[in-house]
Amino acid sequence: MVNVMGMRLRNLTLCVAALMLVCAQPVAATGRGARDGRAAQTMGARLVETVDVRVGREATVSARKFKIRFVAVREDSRCPEGVQCVWAGNARVAVKLNGAGGRPVTIELNTMTEPREVTFANYNVKLTNLAPRPVAKGQPKPRDYVATFTVSKRS
C-alpha cells in the first residue's frame with residue numbers, strides 16, 4: 001500500500017514538472033509584438049499583452065493601434081550576475097510610444113525606481129524585465145538588450 005502511494009506521488013510530481021516546463025517555454029524577442037507567440041490575456045474587461053522588444057526595434061500591440069519602440073538603455077547599474085550587492089541597482093530605458101491618432105512621445109522607464117510604468121493614449125505600459133543582466137566582467141553590448149513590456153488598455 002505504501003509503495004502504491006509513493007508511486008502515485010512520484011507520478012503526480014512528474015506531471016506537475018512537465019506542465020511547468022511546457023508553460024514556461026521562452027518566446028523569441030523579435031520586436032514585432034504579441035502576435036509573435038505571446039498570447040494576449042483578458043483580465044476582467046482589460047486586454048493585457050506582453051511583448052519583448054530588442055533595442056532599436058518596434059512592437060505593435062492591441063490590434064496594431066499602439067506601438068512601442070525600444071530606443072536605448074540610458075543606464076544599467078543593476079547588480080551583476082554572480083555578485084552580491086547591497087542594492088539591486090536600476091536600469092533605465094528610453095521608449096518611444098505611439099498611440100492611435102496621437103503624436104509619438106519618448107519617455108523613460110526604470111526596472112527598480114519610479115517611473116516603472118506610464119499611461120499614454122489610454123494604455124498602461126510597464127517595463128517588466130530587461131535582459132541580459134550585467135556580468136562581473138562588464139556590461140552587455142547595447143544591441144543585445146531586450147526589454148519586456150506589459151501593455152494593458154485602460155477601461
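The values are calculated or read from the model by the stated rules, or taken from the named source; none is laboratory data. All of these numbers come straight from a predicted model, not from anything done at the bench. Neighbour counts are summed over all protein chains in view; Cβ atoms, including those assigned to glycine, are modelled from backbone coordinates with ideal geometry.
Structural remarks
- Residue list for the stretch 135-154, filter: among the small types (Gly, Ala, Ser) and at pLDDT 85 or above: 136, 147, 152
- Top-ranked residue in the stretch 82-94 [being β-branched (Val, Ile, Thr) and more than 17 Å from the chain's Cα centre (by Cα); ranked as surrounded by the most Cβ atoms within 10 Å (Cβ to Cβ)]: 83
- Among residues of the stretch 78-105 that are over 13 Å from residue 118 (Cβ atoms) and assigned to a loop (DSSP other than H, G, I, E, B), those with a beta-carbon under 9 Å from a residue that is among the aromatic types (Phe, Trp, Tyr) and modelled with pLDDT under 95 at least six positions away or on a different chain give the pairs 79/87; 100/66; 102/120.
- Those residues of the stretch 57-91 which are touching a Gly at 6+ places or on another chain (Cβ under 6 Å) and among the aromatic types (Phe, Trp, Tyr), in sequence order: 66
Residue-by-condition table, conditions (1) surrounded by fewer than 18 Cβ atoms within 10 Å (Cβ to Cβ); (2) closer than 19 Å to residue 151 by Cα; (3) at pLDDT 90 or above:
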| position | (1), (2), (3) |
| --- | --- |
| 68 | no, yes, yes |
| 80 | yes, no, yes |
| 96 | yes, yes, yes |
| 99 | yes, yes, no |
| 106 | yes, yes, yes |
| 114 | yes, yes, yes |
| 119 | yes, yes, yes |
| 130 | no, yes, yes |
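- Just one of the listed residues (59, 88) is at pLDDT below 95, aliphatic (A, V, I, L, M) and within 15 Å of residue 145 (Cβ to Cβ), namely 59.
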